[in-house]
Amino acid sequence: MSSAAGTRVVVTGATGNVGTSVVRVLSEEPEVVSVRGLARRVPEWSPPRTEWSAVDLASERSDLAREFAGADAVIHLAWAFQPTHDPATTWRTNVLGSMRVFDAVAEAGVPALVHASSVGAYSPGPKDHAVDESWPTHGWPDAAYCREKAYLERALDTFERDHPGTRVVRMRPAFLFKRESASEQRRIFGGRYLPGQLVRPDLLPVLPDISGLRVQALHTDDAAHAYRLAVLSAGARGAFNLAAEPAVDAELLGGMLGTRRIRLPRTAARSAVAAAWGLRLLPASPHLFDAVLRLPLMDCARAREELGWRPEHTATEVLEEFLRGMREGAGERTEPMRGRKAG
């Protein structure tokens, strides 16, 4: 799939949580001779063998085919979570922007497309056992994030039918965290009014225990290694679940933080989230809250067996590292990832 000189990779959304890890991992891979990072703003940070282009996927004026020319693979990570009160805006970036990426991959004749799907693309599923990649990907229709991820799964179905010569990989990771993403994710999901006690969870008097709130987590660097393997494995096609053990619930968090759990009804928790979101005190919407309660647990056997991938961090280690990052105001030298301590 690569030229005699080595593999050339283009990464969209290269300055965010996943993008910074993917760019770093690729820049350290001997088989990769160049990485082109696409982002709305060119960062100060630039690892070896990496170059940057300022590109806005939401703009019809962006010449993506030119950016992709000569690439052996495109990793499509770009995604906008905000503004949650204006789903038409995120649709333009996430769905229409992704369609431009897919069209440009075909126009430029790129041999491989690795797309960042998500556990959020899955239809509601079980919390007591894991599902594989054959589980339906219709999302939770009331949540913009899930709706957009599910729509792009259908778009890729059509793309694969129309462009059988392009190798398409769909990564479906769990929630992704690392120390350096703490400030960015706090802004995206918690906003500036996030209570200080959540930044210092050791100060929490109790931990809410909500029925259905059982999810999976993964270190962003571990996800990045899966993307690297997908690029370099010429036979890799289709979807791959990515998650670490154990599953995260109130029992695990309570034990990790030494905090007493208290049962909180779903309706009460949702009402609180909806009120805060309606008053624009909280960026995360009640629709996303509904979706999280319905996400299935994922079986990652296919990634282990076909990619040879295994996470190096447990979910507990991931969360401990992320919480340290929140307390420290950790970040990266890119605009989306800038560090900032919570007041």
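Every number in this text was worked out from the coordinates using simple rules, so none of it is lab data. This one's a predicted model, so the numbers in the text were calculated from it and none came from an experiment. Reconstructed Cβ throughout: ideal geometry from the backbone, glycine too, with neighbour counts over all protein chains shown.
Per-structure values
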item	result
Options His76, Ser183, Ala104, ranked by Cα towards positive dipole end of the chain, top entry (Cβ charges)	Ser183
Kirkwood Rh, Cα atoms: Rg over Rh of region 85-228	1.01
Nearest-20 debye value, the chain charge dipole, Cβ charges on Lys, Arg, Asp, Glu	1040
Binned Cα-Cα distances of region 129-176, short to long, each 5 Å bin given as a whole percent	5, 17, 24, 26, 18, 8, 3, 0
Protection proxy ranking of 92-99, 296-303 - average other beta-carbon atoms within 10 Å, highest first	296-303, 92-99
Lys/Arg +1, Asp/Glu -1 at C-beta; the chain dipole; positive extreme among Thr334, Thr15, Val273	Val273
Equivalent ellipsoid semi-axes - Cα gyration tensor, region 11-165, angstrom	26, 18, 17
Under the Debye formula (equal points on every Cα, no solvent term), log10 I(q)/I(0) of the chain at q = 0.08, 0.14 Å⁻¹	-0.36, -1.18
